[in-house]
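Reviewing the structure listed below.
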Amino acid sequence: MTEPRYAIGVDLGTTHCALAYVDLADCEGEAVSLRVFRIPQLTSPGSVEELNLLPSFLYLPHPQELAPGDLSLPWAGGLKWVVGSLARERGAQTPIRLVASAKSWLCHPGVDRRAPILPAEAAQEVTQISPFEASVRYLAHLRDAWNHAHPHAPLEDQALTITIPASFDPAARELTSEAAAQAGYPEATLLEEPQSALYSWIQGSGGGWRDQVEVGDIIFVIDLGGGTTDLSLIVVLEHAGALELHRVAVGDHILLGGDNMDLALAHVVGQKLAQQGTHLDPWQLRALTHGCRHAKEILLGDPESDVVPVVVPSRGSHLIGGTLRTELTRAEVTETVLEGFFPRVGAAARPAARPRAGLTQLGLPYAQDAAITRHLAAFLARQTAATADLQGFAKALPEGAGFLHPTAVLFNGGVFKSPLLVERVLAVLNGWLESEHAAPVRLLQGGDLDLAVATGAAYYGYVRGGEGVRIRGGTAQAYYVGVESAMPAVPGMAPPIQALCVAPFGMEEGTEAALPPQEFGLIVGEPVRFRFFGSSVRRHDQVGMHLEQWSEDDIQELGEIEASLPAEGHTPGEIVPVHLRAAVTETGTLRLEALTQDSGDHWKVEFDVRSG
Amino acid sequence: MSDSKPSLFFRLGLAFRAFVGILGDPTFAAAVWRLRHETQGAAPAPAPGALQDTNPDSALQLLALFQRHGRLIDFLQEEVAQYSDAEVGAAVRVVHEGCRKVLREDFVIEPVLAEHEGAAITLNPGFDASAIRPTGNLVGEPPFNGSLAHCGWRAKEVKLPKLAVGHDATVLAPAEVEL
């Protein structure tokens, strides 16, 4: 393989993708030459435009829908699908052919993520694709666009980093990694998005970050994207005289983001119109959502304006007569967005229902409580002990603290372009801190809130090459398999299940966990399923530890895993004793293997199990 | 000399002398550079009064963009007389927001003169007559002194989307049929 010329960072987002790159030949210490790649994409039939963001939408047009050549890209003709701006626009009008939020489906353990299930509401004749395949196509578009622009530095020869939510479970991580491999990204490293945002901040400071944080700082990264909220805690330590960053905790996967706010506002304004006797059709409702987003941005960006007009254009060509005019007021935005999504709540507040991966749900498991501040409170409270074992953090928390006290906050995501929302979150956080007599948080000033994840990932690719500071941390969960307790059967009751720890918290990339002493009997030729669990708070559990009881708050079920022993060298039906061993690959995915004791044979245990 | 066509031998000799001159004499090199610069824009000299066809595709593309984002054609095709100012105003918000988006995303537009309108302006001899239009008491020789009435606009960059070969640009907006 040739030496990479560029470090490329890909933000494979729920609503947008972006690609940034560092020219490795043009870097000196912490001064790097970093650029955002403008992604060519169809913006209307037959028209290709270069934009910073590639909307993560895929449209499957009817064979008669478009003229020949309308879907041609500079590097390909005759595609049967569209990704990017045109896909989003077409799909808004014909949703039965639109694949959206593929990433949220990719981490939904309740569905078969390799099965053609999208678009979820597709008509019969539409050939559906899998969430996995959709991710492959977004990545392939970025690869082709890059290769078209850089024929002498093909993407596959570069240092590649792809970002994922910190809350992605092992199955979703592995699926992303496989999608990348299939899309022609060999050896792409996975990086958690909040970490990427922090890398972007480090890069943007041009070396000055060391003056903005100090040993003992706890940085709370709040990444609020279009569709998801992703939380991480990163602490500042000292090692051999230099500052070191450790990611000590990540939050749950919360399907709640900026798009929810636009929808909520459109609903409020739609109701207002309905009271005046005007009822909107679905087309107008979408136009209204668009108008509300625009009005929201003005009202949340400029504290001086009190009313912003919102117009819903007519569907037909008679624009003047058919256009509806209404307005969005500051009171409505305050009520809906500030009080609805960022209410002033106490530190003891909790979301109405915890966003859990519901194994029986068919739709996406959207967060049931829209109040982001409650999710923040719950996260900090669960992670109260996150820094307990770290040197220099002994005095970080007073005795009996109700939640972990962050000392600095880094915001990411387009929602936080609004100074009012930043102010509100800071005020709520500082209120909690004050109630426990702690100092208020400092705000770390990041760069471009839409592109920070991609630029941070590109910078990370450079840092991985040996220069600059790296965030450490390893896996943010400990993992367990469920084993049935050996006890007499009780009619009508499932045997109680025990959790056996197979991977401890904080496993670093490229390391292997110890071999647990417990054996499992696997039947040759028959797949065996285990229940699989993860904990983002149990930092002390070692491999082989048995848990008989736990609270739902501590350990969450992630889905099933499956081991199947091929028949080679064994008699079908034979029971072979195996151990389960965990390892974290260099690219950041968890691997679980079944090992036979005597022969040393091993098989991969699949995280991504077909449901059913 | 300027109208005659020199022979090949003459041209070879001239080229050699020019080559030596450019290498040895910086002033001469600068003069050649200027000459080359000036003739590049002008040559071949157009016939007097010649006109060129503009490519209608970019014009059609721009109309389509204004229509798609700002409904400009819908707006201009309607008679405004029968509507109230409030109704026209509501529609204008659609047109303004959308067309402005096109201007901002597909062009880089900047004022020709950066001074505030009303500021005193001096036009020196050789001012760019295609970019600056003197009006009013226009007599004598420059420098002209006046005040800036309109700052002018210049498209510094054009970033229009690329069109597929064979794309029918005459369709400014497709008819929509809801099924």
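The values are calculated or read from the model by the stated rules, or taken from the named source; none is laboratory data. Not measured: the values here are computed from a predicted model. Here the Cβ positions follow ideal geometry from the backbone for every residue, glycine too, while neighbour counts run over all protein chains shown.
Figures for the structure shown
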| item | result |
| --- | --- |
| Residue count, the stretch A:280-301 (criterion: assigned to a loop (DSSP other than H, G, I, E, B) and among the aliphatic types (A, V, I, L, M)) | 1 |
| Residues being at pLDDT below 85 and either acidic (D, E) or under 19 Å from A:V22 (Cα atoms) (or both) - total across the stretch A:470-496 | 1 |
| Pick from the stretch A:31-61, criterion at the interface with another protein chain (Cβ under 10 Å from one of its Cβ atoms), assigned to a loop (DSSP other than H, G, I, E, B) and without any contact (Cβ under 8 Å) to a residue 40 or more places away in the chain, ranking: farthest from A:H141 (Cα to Cα) | A:G46 |
| Filter pass, A:P151 being surrounded by fewer than 24 Cβ atoms within 10 Å (Cβ to Cβ) and either on the phi > 0 side of the Ramachandran plot or out of contact with any Pro (no Cβ under 6 Å at 6 or more places or on another chain) (or both) | yes |
| Subset of the stretch B:147-162 [loosely packed, with under 11 Cβ neighbours inside 10 Å and either in contact with a helix residue (DSSP H, G or I) (Cβ under 9 Å, 6 or more places away or on another chain) or within 14 Å of another protein chain (Cβ to nearest Cβ) (or both)] | B:E157 |
| Residue check for B:V165: surrounded by 13 or more Cβ atoms within 10 Å (Cβ to Cβ), under 30 Å from A:W75 (Cα atoms) and either without any contact (Cβ under 8 Å) to a residue 40 or more places away in the chain or within 14 Å of chain A (Cβ to nearest Cβ) (or both) | no |
| Condition check for A:F393: at pLDDT 90 or above, touching a Ser or Thr at 6+ places or on another chain (Cβ under 6 Å) and either assigned to a loop (DSSP other than H, G, I, E, B) or among the acidic types (D, E) (or both) | no |
| Some residue of the stretch A:552-570 being among the hydrophobic types (A, V, I, L, M, F, W, C), at pLDDT 85 or above, within 29 Å of A:R472 (Cβ to Cβ) and over 22 Å from the mean Cα position of the chain (by Cα) | no |
| Residue count for the stretch A:66-93, restricted to those that are touching a residue at least 12 places away in the same chain (Cβ under 8 Å), surrounded by fewer than 24 Cβ atoms within 10 Å (Cβ to Cβ) and within 12 Å of chain B (Cβ to nearest Cβ) | 13 |
| The stretch B:49-78, residues that are at pLDDT 90 or above and either among the β-branched types (V, I, T) or assigned to a loop (DSSP other than H, G, I, E, B) (or both) | B:R71, B:I73, B:E78 |
| A:G321 surrounded by fewer than 16 Cβ atoms within 10 Å (Cβ to Cβ), touching a residue at least 60 places away in the same chain (Cβ under 8 Å) and either more than 14 Å from A:A264 (Cα to Cα) or within 14 Å of chain B (Cβ to nearest Cβ) (or both) | no |
| Among the residues listed as A:T323, A:T289, A:T329, the single one being under 26 Å from B:G70 (Cβ atoms) and modelled with pLDDT of 90 or more | A:T329 |
| Neighbours by Cβ (under 6 Å, 6+ apart or cross-chain): first from the stretch B:89-107, within 10 Å of chain A (Cβ to nearest Cβ); second buried (at least 19 other Cβ atoms within 10 Å of the Cβ) and modelled with pLDDT under 90 | B:A90/A:V311; B:A90/A:T323; B:A91/A:L319; B:A91/A:I320; B:A91/A:T323; B:R93/A:V311; B:V94/A:V311; B:V94/A:P313 |
| Candidates A:R350, A:R330, A:R315 - the one that is in contact (Cβ under 8 Å) with a residue 24 or more places away in the chain, out of contact with any Leu (no Cβ under 8 Å at 6 or more places or on another chain) and either under 30 Å from A:A171 (Cα atoms) or more than 14 Å from chain B (Cβ to nearest Cβ) (or both) | A:R350 |
| Single residue of the stretch B:130-146 satisfying the filter (out of contact with any strand residue (DSSP E or B) (no Cβ under 6 Å at 6 or more places or on another chain) and surrounded by 10 or more Cβ atoms within 10 Å (Cβ to Cβ)) that is nearest to the other protein chains (Cβ to nearest Cβ) | B:A131 |
| Yes/no for A:G431 being modelled with pLDDT of 95 or more and within 30 Å of A:D262 (Cα to Cα) | yes |
| Residue list for the stretch A:286-310, filter: polar (S, T, N, Q) and over 22 Å from A:P95 (Cβ atoms) | A:S305 |
| Tally of residues being closer than 20 Å to A:R529 by Cα, surrounded by fewer than 20 Cβ atoms within 10 Å (Cβ to Cβ) and of a type outside the set (S, T, N, Q) across the stretch A:575-600 | 7 |
| Complete set of residues in the stretch B:117-129 that are more than 20 Å from the chain's Cα centre (by Cα) and either exposed (fewer than 10 other Cβ atoms within 10 Å of the Cβ) or in a strand (DSSP E or B) (or both) | B:G118, B:A120, B:I121, B:T122, B:L123, B:N124, B:P125 |
| Selected residue (criterion: nearest to B:G166 (Cα to Cα)) from residues of the stretch B:79-88 that are more than 7 Å from every other protein chain (Cβ to nearest Cβ) and not in a helix (DSSP H, G or I) | B:E79 |
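Table: residues versus (1) modelled with pLDDT of 90 or more; (2) under 22 Å from A:G506 (Cα atoms).
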residue: A:L191; (1), (2): yes, yes
residue: A:S196; (1), (2): yes, yes
residue: A:G207; (1), (2): no, no
residue: A:V213; (1), (2): yes, no
residue: A:D217; (1), (2): yes, yes
residue: A:L224; (1), (2): yes, no
